[in-house]
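Peer 1: Here it is, the structure in full.
Rule-based calculations on the coordinates, nothing more; no lab input. Nothing here was measured: the structure is a model prediction, and the numbers come from that model. In this analysis, Cβ positions are derived from the backbone assuming ideal geometry, glycine residues included, and neighbour counts consider all displayed protein chains.
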Amino acid sequence: MQKNINILIIEDLPSDAELSKREINKILKNCSFRIVETEEDFINALDDFQPEIIVSDYSLPNFDGLTALNLTLDKSPLTPFIILTGSMNEETAVNCMKAGATDYVIKEHIKRLGTAILSALEKKEIIQKKLNAEIKLKESEVHFRTLADTGLALIWTSGLDKKFNYFNRILLEFVGKNSNKEFGNEWIKGIHPEDLISCLQIYNKSFDTRQKFSMDFRLKHFSGEYRWMQNDASPRYDSYGKFIGYIGHCLDITDRKNMIEELVLAKEKAEQSEKLKSEFLAQMSHEIRSPMNVIISYANLLKSILEETLSPELKEYFDGIDSAGLRLIRTVDLILNTAEMNVGSYEATVTKFDIIKNVILKVIGDYESLIKQKGLTFNYVSNISEAIISGDNYSIYQIFTNLIDNSLKYTNQGSISVIVDNKDGNKNIAISIEDTGIGISEEFMENIFEPFMQEEMGYSRRYEGNGLGLALVKNYCNLNRASISVESKKGVGSKFTVTFPILKN
Ligand code: ADP
């Protein structure tokens, strides 16, 4: 349904006004009319009637068409204004049109009024639409400019000619400029000379291939200081999909860059000092080990020379020197081996050998009498006599020495057992060291292979040790592609099982 159209008629003769209404009604339905003949009524009608179109007589006794036209242009410039008169000469008509009238109709041709109004309304609609579109465009421009000027990003755009044509307020403030015009292509001069060539290369290459690009460069702040920017840019296209240049935004990443640099330096420093520490430990261990070996050898030599004449008391002293010396050597060996593993200087010698003969029975040989001396029972349970594996003999030997040494240390009564078992249809061999010692709490279990971790710590500790043994055991297991597991219960005992793949048995 056609919407109601308010038509304001300025006319002093009721018959002429009636004539106009009739002509208009022939072409347009749903029209509301208001007839005025004085300036005051006209101004009021503009306000409260809000006409869509005005039809005005040229000359009235107390008012005139030109004044009405000027008032309209002032108060409601989009409302079409048609001059209607019976006495219009050519010159008056031209003046009215020049003054801004939409059209004019001579009363003798009143039949034309309907179509004149129709085309004026159509024209008005077109103008209104254009105006609305312009308003929308302006609004969206303001919207995006506000967006661009809010936040931290320095935004720029360039045109087809590769020249830069827009910078947001944040970018302008950064470089200390007031307007885009003042700045223009100049901003390239703010890029650090060392970064400029690569920046231009990336920009030009991306421009030619229409690719997105990202680059870091230093940009001169208005204070003179260079700041690191991370610049990300994308090609721009118009509404027809035509390439029109680039849009990019830069973020100040100086603090992030500095932080990363500091972190890298700190890491390098930490690694270097860790290496130095390990090297120092390795050297110190050598320094302690050599004289210690001399002490133990001479003590043993003296003991054997004086064997016959030694009183039981003196013999005990010699045994004391021997066992304290061996303990010191074991501690030093642990430190030395740990340092070697940390620095990565341990050189494994991988061979094929029988783990039972070359390792297990030897470790048992070293520890069986010590276990019995402590009043514990020793058991060896095995369902195989030979198992060839591939690995590093020294470190595998150390694995079991450490495990059995711990069992001996942490068991005060009961037994220690070495259990050798075939697993997964002869594919693997599982070797367990089981004791009836103090056991390990569940909470400590997750830290058990961490270096320097001991369930009881501090000077009140009841057991010897430095917390390095199990960490080294774990490292040695990894080195030999063996797996290790622990089962333990506080106050009941512990069982450490190491599993190796068997080559043959
Ligand atoms: P430590 O030199 O203290 O024995 P380890 O690295 O060999 O260091 O062992 C770490 C900790 O694990 C020990 O301090 C102890 O608390 C616990 N632990 C290791 N083996 C046993 C065991 N057989 N029985 C009870 N606790 C053990």
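Peer 1: Taking H as built 1.01 Å from N, whose amide H comes closer than 5 Å to the amide H of S483, not counting residues under 5 places away?
Peer 2: Amide H neighbours of S483, under 5 Å, 5+ apart: T499.
Peer 1: Looking only at the stretch 490-504, which residues have a backbone nitrogen under 12 Å from a spot 7 Å from the Cα of E442 in the C-beta direction?
Peer 2: Taking a point 7 Å out along Cα→Cβ of E442, the residues of the stretch 490-504 whose backbone N falls under 12 Å are 490.
Peer 1: Something else: Sort the stretch 295-383 into rounded, prolate or oblate with this rule: let a ≥ b ≥ c be the square roots of the eigenvalues of the Cα gyration tensor; rounded if a/c is under 1.5, and if a/c is not under 1.5, prolate when a/b is larger than b/c, oblate otherwise.
Peer 2: Verdict is oblate for the stretch 295-383.
Peer 1: OK, next. Please turn the phi angles of the stretch 211-216 into ³J(HN,Hα) values with the Karplus equation 6.51 cos²θ - 1.76 cosθ + 1.60 (θ = phi - 60°), one per residue in order, whole Hz, x for glycine and proline.
Peer 2: Calculated HN-Hα couplings, in order: 9, 5, 8, 9, 8, 9 Hz.
Peer 1: Suppose every Lys and Arg Cβ carries +1 and every Asp and Glu Cβ carries -1, with no other charges. What dipole size does the chain come out with about its Cα centre, to the nearest 20 debye?
Peer 2: 1340 debye
Peer 1: Go ahead and run the numbers for FRET between K352 and L328, Cβ-Cβ distance against an R0 of 41 Å, rounding to 0.05.
Peer 2: Calculated transfer efficiency: 0.75.
Peer 1: Calculated FRET efficiency, I127 and N178, Cβ-Cβ r, R0 35 Å, to nearest 0.05?
Peer 2: It comes out at approximately 0.45.
Peer 1: Follow-up question, since we're still on this one. With respect to the cross-link table entries K98/K130; K303/K352; K352/K474; K177/K267, which display a Cα-Cα separation exceeding 30 Å?
Peer 2: K303/K352; K177/K267
Peer 1: Sticking with this one: Taking Cα pairs under 8 Å and at least six residues apart, what relative contact order does the chain come out at, in percent?
Peer 2: RCO, the chain: 7 percent.
Peer 1: Right, something else. For a quick check: with amide H placed at 1.01 Å from N, whose amide H comes under 5 Å from N165's, ignoring anything fewer than 5 positions away on the same chain?
Peer 2: Distant-sequence amide H within range of N165: T157, S158, G159.
Peer 1: Multiply the residue separation of Q283 and N379 by 0.36 nm, subtract the distance between their alpha-carbon atoms, and state the gained length in nm to one decimal.
Peer 2: Contour length minus Cα-Cα distance gives 30.7 nm.
Peer 1: Once the piece of chain linking E90 and K162 is laid out straight, how much longer is it, given 0.36 nm per residue of separation minus the C-alpha distance between them?
Peer 2: Gain in length upon complete extension: 20.4 nm.
Peer 1: Give the long-range amide H neighbours of S56: residues separated by 5 or more places, or on another chain, with amide H under 5 Å away, using H modelled in the peptide plane at 1.01 Å from N.
Peer 2: For S56, the qualifying residues are I10, I82, I83, L84.
Peer 1: A further question follows. Along the Cα-to-C-beta direction of D424, a point sits 7 Å from the Cα; which residues of the stretch 470-505 have their amide N less than 16 Å from that point?
Peer 2: Of the residues in the stretch 470-505, 478, 480-485, 497-505 have backbone N under 16 Å from the label point off D424.
Peer 1: Here's something else I'd like to know. Say each of N412 and H192 gets a label point 7 Å from the Cα, pointing the same way as Cα to Cβ; how far apart are those two points in nm?
Peer 2: 6.6 nm
Peer 1: Could I have the simple spin-label model distance between I364 and N478, label points 7 Å from Cα toward Cβ, reported in nm to one decimal?
Peer 2: With each label point 7 Å from Cα toward Cβ, the separation is 3.2 nm.
Peer 1: Just the Cα atoms of the chain, one point each, no solvent: what log10 I(q)/I(0) does Debye give at q = 0.08, 0.09, 0.11, 0.13 Å⁻¹?
Peer 2: -0.79, -0.87, -0.97, -1.11
Peer 1: Let me ask another. Mean Kyte-Doolittle of at least -0.5 plus a Cα span of 27 Å or more along the axis: flag which DSSP H helices in the chain meet both, please.
Peer 2: Passing helices, by number: 113-149, 254-305, 312-343.
Peer 1: For the stretch 181-249 and the stretch 299-363, what is the separation of their C-alpha centers, rounded to whole Å?
Peer 2: Cα centroid to Cα centroid, the span is 70 Å.
Peer 1: Subtracting the Cα-Cα distance from 0.36 nm times the residue separation, let me have the gained length for L152 to I27 in nm, one decimal.
Peer 2: 39.0 nm
Peer 1: If you don't mind, there's one more thing I want to ask. Go ahead and estimate [θ] at 222 nm for the chain from helices alone: -39,500 (n - 2.57) per DSSP H run with n ≥ 4, summed, over the residue count, rounded to 500.
Peer 2: Using -39500 (n - 2.57) per qualifying helix, the result is -16000 deg cm²/dmol.
Peer 1: With a ≥ b ≥ c the root eigenvalues of the C-alpha gyration tensor of the stretch 138-252, is it rounded (a/c under 1.5), prolate (a/b larger than b/c) or oblate?
Peer 2: The shape class here is oblate.
Peer 1: Quick one: what are the phi-derived ³J(HN,Hα) couplings along the stretch 153-159, Karplus 6.51/-1.76/1.60 with θ = phi - 60°, whole Hz, x for glycine and proline?
Peer 2: Computed from phi, the couplings for the stretch 153-159 are 7, 8, 10, 9, 9, 10, x Hz.
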